[in-house]
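To keep things clear, I will list the structure first and then write my remarks on it.
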Amino acid sequence: MKDITLHAKWLIKAPLKEVFNIITDLEKWPESFPKVAESVRIIERKGDYLQIEAIVKSFGSKFPVKMRTQILPEKGFISDNENPKFGVSGHEEFLLSENQEGTMIDYTYQVLIHKTWLRIIAKPLIGCYSMKYWEKAVIDQLRKLVER
């Protein structure tokens, strides 16, 4: 399997609690972040641990994703995700910390590629395109929602 690690940091000029409330309200992602989520359904909740079925958007397609997510109070979330259609799985960390100018987001996604054909194009496709798209679809949208 091919492993690709995506990582970036962004500053959001808003209080951590406000950023946390939006980013961890996963069922509202289709409204808050329509470019990346078509539907999000929590199928099981045990405290801060969630089992989620989602339809996500990426690379001009929609596909199902199963997520095992842990909300980290006032810190963000971590999630293990499976996408059987693309043949990828991954570990995602969306971590928040206070900054003198607002909230720092430290985002990491380790992608495991299970399909042989995808490994050939994975590095340029996922490595280069994904983070630029994520920044526009999620981070820029988050800024519109919370920055004044």
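Quick notes
- The range 84-117 - residue that is surrounded by 16 or more Cβ atoms within 10 Å (Cβ to Cβ) and not in a strand (DSSP E or B) and, of those, modelled with the lowest pLDDT: 86
- The set of residues from the range 1-50 being β-branched (Val, Ile, Thr), at pLDDT 95 or above, more than 15 Å from residue 141 (Cα to Cα) and buried (at least 16 other Cβ atoms within 10 Å of the Cβ) comprises just one member, 40.
- Looking across the range 10-26, just one residue is among the charged types (D, E, K, R) and under 13 Å from the mean Cα position of the chain (by Cα), and that is 25.
- Per the listing 17, 62, 57, the residue uniquely outside any strand (DSSP E or B) and of a type in the set (Lys, Arg) is 17.
- Qualifying residue in the range 40-57 (condition: hydroxyl-bearing (Ser, Thr, Tyr) and either within 13 Å of the chain's Cα centre (by Cα) or more than 21 Å from residue 95 (Cα to Cα) (or both)): no
- Number of positions in the range 95-112 that are small (Gly, Ala, Ser) and farther than 16 Å from residue 148 by Cα: 1
- Residue list for the range 51-63, filter: surrounded by fewer than 15 Cβ atoms within 10 Å (Cβ to Cβ), without any contact (Cβ under 8 Å) to a residue 24 or more places away in the chain and in contact with a strand residue (DSSP E or B) (Cβ under 8 Å, 6 or more places away or on another chain): 51, 53, 55
The values are calculated or read from the model by the stated rules, or taken from the named source; none is laboratory data. These numbers come from a predicted model, not from an experiment. Positions of Cβ are generated from backbone atoms using ideal geometry, with glycine treated the same way; all protein chains shown enter the neighbour counts.
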